[in-house]
Amino acid sequence: MDSLTTLTSSSVLLGLAALGGLLMVLIRLGKKTNPPHWLAMVHGFIAAAGVTLLCYVALFAPIPG
């Protein structure tokens with residue numbers, strides 16, 4: 001993959017993680033209970049994947065201007 005595709009993938013993953021975080025906030029504030037554990041784990045995995053891709057591109061590929 002080229003660096004632009006990897007950056008786009010990273011942006012999509014971080015956007016999905018942000019939506020998952022908002023969903024967890026709505027669950028927490030709406031029902032006054034903790035969000036499901038599986039949702040928190042998926043949120044963390046997607047966020048970690050996005051950050052890992054972003055770090056990979058920053059370290060090993062030229063970032064377009």
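Taking region 22-65 only, how many residues are hydrophobic (A, V, I, L, M, F, W, C) and under 21 Å from T6 (Cβ atoms)?
The total comes to 15.
Looking only at region 41-65, how many residues end up being touching a helix residue (DSSP H, G or I) at 6+ places or on another chain (Cβ under 7 Å), at pLDDT 90 or above and of a type in the set (V, I, T)?
2
If P35 passes every condition in (1) part of a helix (DSSP H, G or I); (2) of a type outside the set (G, A, S); (3) touching a helix residue (DSSP H, G or I) at 6+ places or on another chain (Cβ under 6 Å) but one, which one does it miss?
(1)
The values are calculated or read from the model by the stated rules, or taken from the named source; none is laboratory data. All values reported here derive from a predicted model rather than from experimental measurement. In this analysis, Cβ positions are derived from the backbone assuming ideal geometry, glycine residues included, and neighbour counts consider all displayed protein chains.
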